[in-house]
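To keep things clear, I will list the structure first and then write my remarks on it.
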Amino acid sequence: MTRVKAFITLTLLGGLAVVLPIAIFILLFQWLFGQVSELVAPVVIWLEAHTQFKDTLARLMVIALILGSCFLIGLLVKTSVGRWLHRHLDHWLGRLAPGYNTIKDLVLQFIGSGTGEGVLSGPVARVRIHGAANPLSVTAIVTSRHDNGDFTVYVPTAPVPTSGFVYHVPADCVEILPGVTVEAAMKSIVACGSGSGNLLAPAAE
């Protein structure tokens, strides 16, 4: 009876481990699509009235236009005029819009601000969080380097890499993996370590 109970429990948990991430992803996508749809509803109504695009197709087109606009703005801020405009707009929004600076700092900390620091700017490293002499290591992303040589690293949790732990470790505990991209590291973490052999291969050579 105990074996049957254990079998049923483990099988159920295994099924949940497969279904829950998919269900959460679908719910998150539906929520995000709903939020964007409400935001662009006036434009969607105009497109439906003046073009052949209807409902979902019109929404997708508007989302594509938004992404395209973000790309063009990104190109603009690479120019001297764009940087000047962005600097002044940033200054006035920081003074007039409560919470703008906090949101901006959070975004810059995540994607990096051109200084080489930030979650998405890497680099990926293999970190021995219990000391250089301890063989236990984790996949981490270096988010900051300190003047004394120490590192601050972010260790994502599997299978949801948006949550994790921050460690401050000495340099001898950090092994930079120059051949590994942040995307490859995140893919391995989402897969609960699957593919780590290829991920850590540069360190083994």
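A compact table of results
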| item | result |
| --- | --- |
| Nearest-0.05 FRET efficiency for Gln30 and Thr51, computed from C-beta distance (R0 25 Å) | 0.50 |
| Residue order for Asp150, Asp90 - accessible surface, 1.4 angstrom probe, largest first | Asp150, Asp90 |
| Pair Val182, Thr157: separation of 7 Å Cα→Cβ label points (nm) | 2.1 nm |
| For peptides 185-191, 73-79, 41-47, sequence by mean Cβ density within 10 Å, most packed first | 185-191, 41-47, 73-79 |
| Segment 140-205 - percent of accessible surface contributed by carbon and sulfur, probe 1.4 Å | 58 percent |
| Solvent-accessible area per residue for segment 142-205 (1.4 angstrom probe, square angstrom) | 58 Å² |
| In Å², nearest 10: area of Phe165 left accessible to a 1.4 Å probe | 110 Å² |
| Residue-span extension gain [Leu65 to Ala191] - 0.36 nm each, minus C-alpha spacing | 42.1 nm |
| Rough spin-label spacing in nm, given labels placed 7 Å along Cα→Cβ, for Asn148 and His130 | 2.4 nm |
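The values are calculated or read from the model by the stated rules, or taken from the named source; none is laboratory data. Remember, predicted model here, so these are calculated numbers, not experimental data. So basically every Cβ, Gly included, is an ideal-geometry build from the backbone, and we count neighbours across all protein chains shown. Please note that ligands, DNA and RNA were not included when accessible areas were found on the heavy atoms of the full protein model with its side chains. Shrake-Rupley method; radii C 1.70, N 1.55, O 1.52, S 1.80 Å.
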